[in-house]
Amino acid sequence: MTRVAYLSADPGVPAFGTKGASVHVQEIIRAFRDRGADVQLYTARTDDHVPADLADVPVTHVPVDSKADRLADKEFPQQQRTARREQRQVAAAHEMAVRAIADGVDIAYERYSLFSTALAEVSTTLGIPGVLEVNAPLIDEQATHRDLIDATGALNALRTQVHAAAVVACVSEPVAAWVRGHCPEAAAKITVTPNGVNTTRIAPTEARTEGDPVVLFVGTLKPWHGVEVLLEAAAVARERWQLRIVGDGPQGPALAEQAARLGLQVDFRGAVSPGDIPAALAGSAISVAPYPVLGSGADQYFSPLKIYEYAAAGLPVVASRVGQVPGIVRHEENGLLVEPSDPAALAAAIDALVADPKRARAMGLAGREMVLANHSWGSVLDLILDGITLPAAPEEVLA
């Protein structure tokens, strides 16, 4: 049996949380286990939404911050607090590597995080293949949206990881281009592998027949998801539909205030665990991914997990024409594309599908067929591991 070390040193990614990143962690672990592998999870953050089918996964929890660390940090200015936390991230990732090396594994798989060189340590020490999964240009994100003190250290860690990895799996071409830009010598090992979806866990359901059709958004309530544009669209819609928003985040209170100001009755469901997503999708007629225009020419580098989940649920998707979205939502085939940050266009597209349920249902079924054919998590992992030769299991010694 192949022994896999799944490493996640990012304190912002709860392995058993409600974020899309949490779903990604869990589904890759499932895909490895479906291949018959024995997976050990090494993570900086766990949380408590543990799915029943992953309850037996061995977990080595190495937190970045202890309560004592957080109390001590209060004595320092913000810049020093950030620097101290960055140093603890380095230490935590190293401790994960030490634990994985001691456990003995056949392949190291790491979700890229700032400052971690765990994959490089494990794969080099044990002489095993390593896979680095890159989901975002984290150095740029941290410098733009948060605080980054040791930018040189973060870049050196990225280069160390990429150099040691057998495969660098990026979720989109813009992410791959970012990695190639920093590590041009590694271009041959960098691949583009978009996200997938669990087509067993998420299946089509019938739209509810009583009341107004439900228009659904699922995601973290942050500015780059464009929920405020969706609310504006609901306010100018000509057809009657009920807006359901599943998720929570820093924009939650402002969005609730906006809905009240616009006179909208919005079904805010809050955050749900990945296992409860099918229930949250149930009864919906149309799904929405209203990504906005980003400032300063920022690149739309993401691989939109929510759209794959919408499609798996047999829902037509109304989405912004940005980034990787047009490669998934094929206009007039499995959904409709609109220009970003345009409430009137968004409302008109949703209205068109609300007014023609047969057309909407046909689009939803086309989306379901697309993900069944090309976007299961098993197929995603197959692409990532293509070309990697895993160690053969030792032959049993006959008595």
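The values are calculated or read from the model by the stated rules, or taken from the named source; none is laboratory data. This one's a predicted model, so the numbers in the text were calculated from it and none came from an experiment. Positions of Cβ are backbone-derived with ideal geometry, glycine not excepted, and every protein chain shown enters the neighbour counts.
What do you reckon, is Ser113 of a type in the set (Ser, Thr, Tyr) and touching an Asp or Glu at 6+ places or on another chain (Cβ under 8 Å)? Against the criterion (of a type in the set (Ser, Thr, Tyr) and touching an Asp or Glu at 6+ places or on another chain (Cβ under 8 Å)), Ser113 qualifies. Scanning the stretch 328-348 for residues that are more than 12 Å from Leu315 (Cα to Cα) and buried (at least 21 other Cβ atoms within 10 Å of the Cβ) yields Ile328, Val338, Pro340, Leu346, Ala347. Candidates in the stretch 5-37 are the residues that are polar (S, T, N, Q) and farther than 21 Å from Ile128 by Cα; of these, the one that is surrounded by the fewest Cβ atoms within 10 Å (Cβ to Cβ) is Ser22.
Only residues that are among the hydroxyl-bearing types (Ser, Thr, Tyr), over 25 Å from Leu126 (Cβ atoms) and outside any loop (DSSP other than H, G, I, E, B): list them for the stretch 5-22, please. Within the stretch 5-22, just Ser22 meets the criteria. Residues of the stretch 363-387 that are of a type outside the set (Asp, Glu), surrounded by fewer than 16 Cβ atoms within 10 Å (Cβ to Cβ), over 19 Å from Val192 (Cα atoms) and free of Cβ contacts under 8 Å to residues at least 40 places away in the same chain: none at all.
Restricting Glu141, Glu121 to those that are assigned to a helix (DSSP H, G or I), of a type outside the set (A, V, I, L, M) and under 17 Å from His94 (Cα atoms) reduces the list to Glu121. For the criterion of being among the aliphatic types (A, V, I, L, M), under 22 Å from Ala169 (Cβ atoms), in contact with a strand residue (DSSP E or B) (Cβ under 8 Å, 6 or more places away or on another chain) and free of Cβ contacts under 8 Å to residues at least 40 places away in the same chain, Leu132 passes.
Just one of the listed residues (Leu221, Leu231, Leu216) is out of contact with any His (no Cβ under 9 Å at 6 or more places or on another chain), part of a helix (DSSP H, G or I) and within 30 Å of Ala344 (Cβ to Cβ), and it is Leu231. Taking the conditions (1) surrounded by fewer than 15 Cβ atoms within 10 Å (Cβ to Cβ); (2) out of contact with any helix residue (DSSP H, G or I) (no Cβ under 9 Å at 6 or more places or on another chain); (3) β-branched (Val, Ile, Thr) in turn, Val236 satisfies each one other than (2).
Within this structure, Leu390 fails the test of being assigned by TED's automatic domain parsing to the domain that holds Ala234, more than 21 Å from the chain's Cα centre (by Cα) and either surrounded by 13 or more Cβ atoms within 10 Å (Cβ to Cβ) or not in a helix (DSSP H, G or I) (or both). Just one residue in the set Val380, Val371 is part of a helix (DSSP H, G or I), in contact with a Gly (Cβ under 6 Å, 6 or more places away or on another chain) and modelled with pLDDT under 95; that residue is Val380. Among residues of the stretch 181-207 that are assigned to a loop (DSSP other than H, G, I, E, B), those with a beta-carbon under 7 Å from a residue that is modelled with pLDDT of 90 or more and among the basic types (Lys, Arg) at least six positions away or on a different chain give the pairs Cys183/Arg159; Pro204/Arg368.
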